[in-house]
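Undergrad: The structure follows.
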Amino acid sequence: MTPRALQETAVRYFLEVVKTGSVKEAALKLNVAPSAVSRQVARLERELDTLLFERHARGMVPNAAGELLAAHAKRAQQDIERVANDIAGLRGLRTGHVRVASTEGFAFDFIPRLIAQFRLQHAGIRFHLEVCAPADISRRVRDGETDVGITLSALPEPGVEIELRHPSPILAVMALDHPLAQQRQLSLRQVVAYPLGLPQEDSSIRRLLDASCSRQELRYQLAMTSNHANSLLSFAAAGGGSIAFYGPLSIRTLLQSKALIAIPLKDREMHERHLAIETMAGRSLPTAAKAFVRFLVDAVKASG
């Protein structure tokens, strides 16, 4: 391998093709012409004297050599970021950039409020919050695309460190004038008598609800589905006897504003969900990210 082969532009373009699986998609992400991406990939292959991808009609998949180069390049990028952040850390938490990946529920209110509180003490720290599907968060953490992931019901995966696993039970959410609003606790047998607003079938809420209803031979009335959790909250708040489901941290501000009421559920499946805070296993996080992870863990623990 010649040193010239691993110059920054070529490797950056190569990694984008690995990520997107397509020269065209990589070019769109990089805001360059597809021909420029192809030239850089071809240059790497020529100088390394090996093919890096298997070319298929539906895209490009890295071969063994490509996977090896991608792993090396990602480690090199992380080392550069860590050194830059460690140098910044010598001046204290005055500068830095923290990348956060979160599920939609936590990204709506809980995480933005924590970021704002953190920046009251460390105003020079910048954040990027990416809303992702739960299945994508662990991959982003493992691949170094994000510093910290906040997801639900995550099982430990190779390359991922669980910084905290905390109960996140599912609550029944409804308008203040709902017939069940005065109850201290509910069973799904009571809830399914009313129209429900539910997330899509691959969500943790839907899977646990369906499992519990199947076990108890309950049938529910599906009034609305959405891939946007906050739309379901608005649906419940509008009245008409409808009920939605949410976790306690995600809905805390709305409960404080008295716009909705959330009631715990007795059914065991509705308590089998956990919040997970993830980082890359074995990685030394930048100073700002490390401080935010501690802040986040403390905030979740303090929530009860």
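Undergrad: Looking at the range 104-122, I want the residues that are farther than 21 Å from T287 by Cα and have a partner that is open to solvent by 60 Å² or more (accessible area, probe 1.4 Å) with Cβ atoms under 6 Å, at least 6 apart or on another chain. Which pairs are those?
TA: Matching pairs, first to second residue: E104/V131; A107/V131.
Undergrad: Moving on. When R189 is evaluated against the numbered criteria (1) without any contact (Cβ under 8 Å) to a residue 24 or more places away in the chain; (2) part of a helix (DSSP H, G or I); (3) open to solvent by 20 Å² or more (accessible area, probe 1.4 Å), which criterion, by number, is the only one it fails?
TA: The number of the failed condition is (1).
Undergrad: Right, next: Looking only at the range 97-117, count every residue that is more than 18 Å from H228 (Cβ to Cβ), part of a helix (DSSP H, G or I) and of a type outside the set (A, V, I, L, M) and tell me the total.
TA: Summing the residues that are more than 18 Å from H228 (Cβ to Cβ), part of a helix (DSSP H, G or I) and of a type outside the set (A, V, I, L, M) in the range 97-117 gives 2.
Undergrad: Give the residue that is modelled with the lowest pLDDT, with candidates limited to residues of the range 66-78 that are loosely packed, with under 15 Cβ neighbours inside 10 Å and over 23 Å from the mean Cα position of the chain (by Cα).
TA: Per the stated criteria, the residue is A76.
Undergrad: Can you tell me which residue within the range 139-166, out of those that are touching a residue at least 40 places away in the same chain (Cβ under 8 Å) and among the charged types (D, E, K, R), is farthest from R126 (Cα to Cα)?
TA: Taking the candidates together, the pick is R165.
Undergrad: Take the residues of the range 148-186 that are of a type in the set (D, E) and closer than 30 Å to R283 by Cβ: which is surrounded by the fewest Cβ atoms within 10 Å (Cβ to Cβ)?
TA: In this case the residue turns out to be E157.
Undergrad: Something else now. Sort out which residues of the range 105-130 are open to solvent by 70 Å² or more (accessible area, probe 1.4 Å) and within 14 Å of the chain's Cα centre (by Cα), and write them in order of number.
TA: F108, H128
Undergrad: Residue check: is Q40 at pLDDT below 85 and among the polar types (S, T, N, Q)?
TA: For Q40, the condition - at pLDDT below 85 and among the polar types (S, T, N, Q) - is not met.
Undergrad: Out of the residues in the range 192-219 that are open to solvent by 70 Å² or more (accessible area, probe 1.4 Å) and within 18 Å of P264 (Cα to Cα), which is modelled with the highest pLDDT?
TA: Restricting to residues being open to solvent by 70 Å² or more (accessible area, probe 1.4 Å) and within 18 Å of P264 (Cα to Cα), the top hit is A193.
Undergrad: Are there any helices (runs of 4 or more DSSP H) wholly within the range 217-304 with 3 or more residues that are small (G, A, S), and if so which?
TA: 229-237, 287-302
Undergrad: So, one more: Give A262, A237, A244 a once-over and let me know the one that is touching a strand residue (DSSP E or B) at 6+ places or on another chain (Cβ under 9 Å) and open to solvent by less than 10 Å² (accessible area, probe 1.4 Å).
TA: Result: A244 is the single residue among A262, A237, A244 that is touching a strand residue (DSSP E or B) at 6+ places or on another chain (Cβ under 9 Å) and open to solvent by less than 10 Å² (accessible area, probe 1.4 Å).
Undergrad: Looking at this structure, is A133 within 22 Å of the chain's Cα centre (by Cα), surrounded by fewer than 19 Cβ atoms within 10 Å (Cβ to Cβ), over 24 Å from T287 (Cβ atoms) and at pLDDT 80 or above?
TA: Taking the combined requirement at face value, the residue satisfies it.
Undergrad: Within the range 193-208, is even one residue of a type outside the set (D, E), touching a residue at least 60 places away in the same chain (Cβ under 8 Å), in contact with a helix residue (DSSP H, G or I) (Cβ under 6 Å, 6 or more places away or on another chain) and not in a strand (DSSP E or B)?
TA: For the range 193-208, residues of a type outside the set (D, E), touching a residue at least 60 places away in the same chain (Cβ under 8 Å), in contact with a helix residue (DSSP H, G or I) (Cβ under 6 Å, 6 or more places away or on another chain) and not in a strand (DSSP E or B): present.
Undergrad: Would you please name the residue that is nearest to R113 (Cα to Cα), looking only at residues in the range 239-259 that are at pLDDT 90 or above and among the aliphatic types (A, V, I, L, M)?
TA: A244
The values are calculated or read from the model by the stated rules, or taken from the named source; none is laboratory data. Since this is a predicted model, take the numbers as computed values, not measurements. Because the Cβ atoms are built from the backbone with ideal geometry, glycine has one as well, and the counts that use them run over all protein chains shown. Only protein heavy atoms, including side chains, enter the accessible area calculation; ligands, DNA and RNA are left aside. Shrake-Rupley method; radii C 1.70, N 1.55, O 1.52, S 1.80 Å.
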